[in-house]
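Here's the structure we're looking at; comments come further down.
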Amino acid sequence: MIPETMTAVLLTGYGGFDKLDCRDDVPTPKPGPMEVLIRVAAAGVNNTDINTRIGWYSKAVTADTETGGAEGFDKMDNTDASWSGVPLNFPRIQGADVCGHVVAVGDDVNPSRIGERVIVRNMLRSYVDYRPYECWTIGSECDGGFAQFCVAPARETHEVDCDWSDAELAAIPCAYSTAENMLYRVGLGAERVLITGASGGVGSAAVQLAKRRGAYVIALCSPAKSDTVIALGADQVIARDANIVAELGEGSIDVVVDLVAGDGWSALLSVLQRGGRYVTAGAIAGPICEIDIRTLYLKDLTLYGCTFQEDEVFENLVKYIESGEIRPLVAGTYPLSCIAKAQEDFLAKKHTGQLVLIPPQVAR
């Protein structure tokens, strides 16, 4: 039975934790043509959702994400503070990670899909007519998984056959697709790769996925998390505040996978070999970096920025799951009503892997 109303967390505006309003009287969405309705079983916590809440994507913000994570930023421009660069509509149900079961379908969707256990591609192309380099982020440009029910495009909702828990599956969409997309774009093979922020959700995913591709994985993280990161597949761990040029040597790395940026960014280009590739999908230590253009052109480096994802990136992840090639590390779960605590713990960065929210379960 599908209730008329549901429990959901409404983001009521840009700002701090006080902008997260957990309510039990939110109208249950209905699937439109080519859409499915999902009973959400679990939803991951990501930088994406926090960055959207605090307006960090606005070019007016130059600080790291942790600085404004609890209270937001006084100086931000709501005209460019979303993934798509247009104003966000409030209230918004966030949640870029959706795992659950299909309970209803819209027109032009086969009813046989009801009952499927699914995850949703977080970078949606259906709503922008599959135009190149355009996408919506679920939970940003449209409502997401911080609720008991969620609507998503049928063709971007993927059935998954595995023995994982719902929390484990909810750890996949945002973090693993971001990591896989970076490795896909640079064509990583059996090379030496340096991964920053390697204990976080995306970083730990990148460690596993790079190892799957046969790479020699060097991870940057805090020393307290090194054993866990090695267990995930890293061949070598370096302290995140170390002098990486002194540790690794100039021109010693084929590919840098960076999620941190900030003040130490220029050193990442120094350790790249001639013809090396740098790829990024985050800047948790701060988005403003200094580059010596001579390093870029004299070393024939290639820099990749990654948001848009080709279809096969997410499709490949489903294959990796079903073939047992990857498995996420879930550091903790929280009731949906404890979303502020979950995001507070996420920002403290004392965990390795992914934190996941569990909404109240609806009788089937």
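At a glance:
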{"item": "Separation of the residue 78 and residue 267 label points, Cα + 7 Å toward Cβ, nm", "result": "4.0 nm"}
{"item": "Projected area, mean over directions - segment 175-305, Cα convex hull, nm²", "result": "6.7 nm²"}
{"item": "Extension gain (nm, one decimal) between residue 227 and residue 300, 0.36 nm per residue minus Cα-Cα", "result": "22.8 nm"}
{"item": "Residues of type aspartates and glutamates that residue 211 reaches as a straight line, Cα spacing below 13 Å, ignoring anything fewer than 8 places off in the same chain", "result": "180, 191, 235, 325"}
{"item": "Counted charge near residue 188, where neighbours are those whose Cβ lies closer than 11 Å (Asp, Glu -1; Lys, Arg +1)", "result": "+3"}
{"item": "Least to most buried among 1, 76, 182 (fewest other Cβ within 10 Å first)", "result": "1, 76, 182"}
{"item": "Max mean-square fluctuation residue, GNM over the chain, Cα-Cα springs under 10 Å, options 23, 117, 277", "result": "23"}
{"item": "Value of [θ]222 nm, deg cm²/dmol, for the chain, DSSP H segments ≥ 4, -39500 (n - 2.57) each, nearest 500", "result": "-6500 deg cm²/dmol"}
{"item": "Extended-chain gain in nm, criterion 0.36 nm per residue less alpha-carbon gap, residue 1 and residue 90", "result": "29.2 nm"}
{"item": "Summed residue charge, Cβ within 13 Å of residue 65's Cβ, Lys/Arg positive, Asp/Glu negative", "result": "-2"}
{"item": "Nearest-0.05 FRET efficiency for residue 213 and residue 307, computed from C-beta distance (R0 22 Å)", "result": "0.55"}
{"item": "Residues 129, 227, sorted so that the one with the fewest Cβ neighbours within 10 Å comes first", "result": "129, 227"}
{"item": "Nearby lysines by direct alpha-carbon distance to residue 349 (threshold 23 angstrom, same-chain neighbours under 8 apart not counted)", "result": "19, 225, 341"}
{"item": "Fully extended contour minus Cα-Cα distance, from residue 235 to residue 134, at 0.36 nm per residue", "result": "32.8 nm"}
{"item": "Centroid-to-centroid separation of segment 212-286 and segment 24-97 [C-alpha atoms, Å]", "result": "28 Å"}
{"item": "Sorted by Cβ density within 10 Å, fewest first, the residues 274, 39", "result": "274, 39"}
{"item": "Calculated diffusion of segment 229-364, Stokes-Einstein form, Kirkwood radius summed over Cα pairs, 20 °C and 1.002 mPa s, µm²/s", "result": "119 µm²/s"}
{"item": "Highest-fluctuation residue, 210, 96, 267 considered, GNM on the chain with Cα pairs under 10 Å", "result": "267"}
{"item": "Radius ratio Rg over Rh of segment 140-197, counting only Cα atoms, Kirkwood formula for Rh", "result": "1.04"}
{"item": "Cα convex hull of segment 1-158 - mean projected area over all directions, nm²", "result": "9.1 nm²"}
{"item": "Highest-MSF residue in the chain out of 286, 144, 200 [GNM, Cα springs under 10 Å]", "result": "286"}
{"item": "Relative contact order [Cα under 8 Å, 6+ residues apart], the chain, whole percent", "result": "18 percent"}
{"item": "Dimensions in Å of the chain - Rg and Dmax from alpha carbons", "result": "19.9, 64"}
{"item": "At R0 = 45 Å, FRET efficiency that the Cβ-Cβ distance of residue 165 and residue 292 yields, to 0.05", "result": "0.45"}
{"item": "Modelled FRET efficiency - R0 41 Å, residue 59 with residue 24, Cβ distances, 0.05 increments", "result": "0.65"}
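Quick note: the coordinates plus some simple rules give every number you see, no bench work behind them. From a predicted model like this one, the values you see are computed outputs, not experimental measurements. Positions of Cβ are backbone-derived with ideal geometry, glycine not excepted, and every protein chain shown enters the neighbour counts.
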